[in-house]
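A short worksheet on the structure shown next.
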Amino acid sequence: MLIGLLGVAAALAAGHLVAAFIDPNASPFLAVGNAAIDLTPAPLKEFAVTSFGTADKLVLLSGMAVFLLVVAAAAGLLSRRSPVPGTVLAVLLGGAAVAAVFSRSDLGQLAILAPAASLGAGVTVFRRLHAAALRVQEPGSPEGIERRKFLQGTVGVAVGAGIAGLAGQFIGTRVDVEGSRATVPRRLARYRDQTTVAGSDFAQDGTPTYLTRNENFYRIDTALSVPRLTAEDWSLRIHGMVDRELTLTFDDVMDMDLITRTVTLTCVSDPVGGPYISTAQFTGVLMRDLLAKVGVKAGADQVFSTSSDGYTAGSPLDVIMDPGRNAMLAVGMNGEALPPEHGFPARLVVPGLYGYVSATKWVTDIELTTFAAKTQYWVPRGYSEKAPIKTESRIDSPRGLGSVPAGKVVVAGIAWAQTKGIAKVEVQMDGGPWQEADLAVQPTKEAWRMWRRTFDLRPGSHTVVVRATDSSGYTQTVDVADAVPDGATGLHSVAFTTA
Ligand SMILES: Nc1nc2c(c(=O)[nH]1)N[C@H]1C(S)=C(S)[C@@H](COP(=O)(O)O)O[C@H]1N2
Ligand SMILES: [Mo]
């Protein structure tokens, strides 16, 4: 059993060390995890996101770790006599890692070296320890000496694997992302958003603050390890159906005219009443300006963006070019450089489209093409090709199943209809008439709007429901729909008690 575990440890460590020199995502454990994410069908992904939230990645990695431990221990036990079961297992696991790395378009051919190193180390360590262990049991062998050799071998492998793993970790994260981020805020300072946000939330009544702090901003992506890019090494290539292909550096972007806009991002996987919605002031260059530089050829209808880790999103060209929309290549978030988890050095932000069809983080490539010619990441996994954000609303206070003092109870929450704006929010208490809520100031239609309404409630149980109407006159539908294929619908209701 011990040698099974040590074989796996040695394999993982060797692969991790080699990957550190090539690409951290080539590390076998991460590569298999990433491939598992890519293979996850939409319903399972929805389940993972709703049950574990942003911890879904941790759950996946822990599950894999437990699986590996059990399999390794079992292989060790099965290999009592012959090393064949353990060797077969090592080859199978190694093969899975090779396949995983191979399946990732963002990893170059060199990346295969990492799982290959794992396979080699795993098989070698297992077979040598196995042979040493057998010698200990051989009748007539000088038991003390062989036992000592075996112990030295195991300790050596354990220490070696530990050192290799740590070295891999150290080398893989040596890129100084924070140092690179530190120079950005100074360069963003003159682009502060001029719009006032005074009176734009009811945070004292339980709504979120109008702007979400960067560390509280929801995070959704397929990246098991956050891509570690620096502004200095980053570049963006714009090509495809254009007159002049263009490659931009970070400095090129900073030298253009930048704008700052307050935008609410929303995830298509946000269930009714869910948490995957946040608002920030993004600073960046208008996509319209960038595309004017390259000259888009007639016939193109899709702006296809790719991240450094191979994620892809496709946005309609007319939405990106819409003068009322301010789609941008963002480099700043609330006055800071983008946090690494939110796409440093640069990402796309397109008001009014769900994140998966527009908001590519760590973006390094933009291709002008057609929807007929290229398919983005989530479409084969069951989501729609086009996904405008739906008009929706959420109750933030009182909390579901919470208890509040009877008497005056303030019900408060958020509503959103990015690019249209919220015109009206109505609240229904205990099946009574729909009553209009007070609305907070709405500095921009690209962001959410807060609402509240006070009720006088007797002690007991209550249910409150909310619905929003946008400025086009559309009232959100009562029809219940799943997040797949293009966003959940239905009215949010909260049950609570007063005492
Ligand atoms: N590179 C990359 N960009 C990505 C994703 C991803 O998986 N990889 N996910 C998208 C999705 S589904 C959403 S909802 C938004 C979330 O952006 P945030 O994490 O900054 O809130 O990023 C989008 N951009
Ligand atoms: Mo999303």
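Note on R213 and R147: the extension gain reaches 17.9 nm, defined as 0.36 nm multiplied by sequence separation minus the Cα-Cα distance.
Compute the length gained on full extension between R128 and S403: take 0.36 nm times their separation in residues and subtract their Cα-Cα distance, giving the result in nm to one decimal. Stretched out fully, the R128 to S403 stretch lengthens by 92.6 nm. Largest first, the residues Y311, Y210 sort by 1.4 Å accessible area into Y311, Y210. Note on the range 2-172: Cα-only Rg and Dmax are 17.6, 61 Å. Listed by chain and number, the aspartates and glutamates placed with their C-alpha closer than 14 angstrom to that of K408 are D205, D456; residues fewer than eight positions away on the same chain are left out. The sum of -39500 (n - 2.57) across all DSSP H runs of n ≥ 4, divided by the residue count of the chain, sets its helix-only mean residue ellipticity at 222 nm to -11000 deg cm²/dmol.
With r as the distance between the Cβ atoms of D456 and A158 and R0 = 41 Å, compute the FRET efficiency 1/(1 + (r/R0)^6) and round to 0.05. With R0 = 41 Å, the Cβ-Cβ based efficiency is 0.05. Pairs from the list K386/K445; K293/K374; K57/K420 with a Cα-Cα gap above 27 Å: K57/K420. Distance between the 7 Å Cα→Cβ label points at F67 and S105: 2.5 nm.
Mean projection of the Cα convex hull over all viewing directions, computed for the range 240-296: 5.6 nm². Each principal axis of the Cα cloud of the chain was evaluated for its coordinate range; sorted largest first, these ranges are 91, 66, 43 Å.
What residues from the range 368-390 fall in the zone where the backbone N is under 19 Å from a label point 7 Å along the Cα-to-C-beta line of T50? Residues 381-384, 390 qualify, since their backbone N sits under 19 Å from the label point.
Share of Cα-Cα pairs in the range 388-442 beyond 15 Å, in percent?
Counting every Cα pair in the range 388-442, those more than 15 Å apart make up 57 percent.
Expressed as a fraction of 2.2 N^0.38 Å, the C-alpha radius of gyration for the range 365-499 is 1.28.
Reported value for the range 181-381: 127 Å³ per residue, from the convex hull of its C-alpha atoms.
The values are calculated or read from the model by the stated rules, or taken from the named source; none is laboratory data. Fair warning: this is a prediction, and the values are worked out from it, not measured in the lab. Because the Cβ atoms are built from the backbone with ideal geometry, glycine has one as well, and the counts that use them run over all protein chains shown. What goes into the accessible areas is simple: the full protein's heavy atoms, side chains included, and nothing from ligands, DNA or RNA. Shrake-Rupley method; radii C 1.70, N 1.55, O 1.52, S 1.80 Å.
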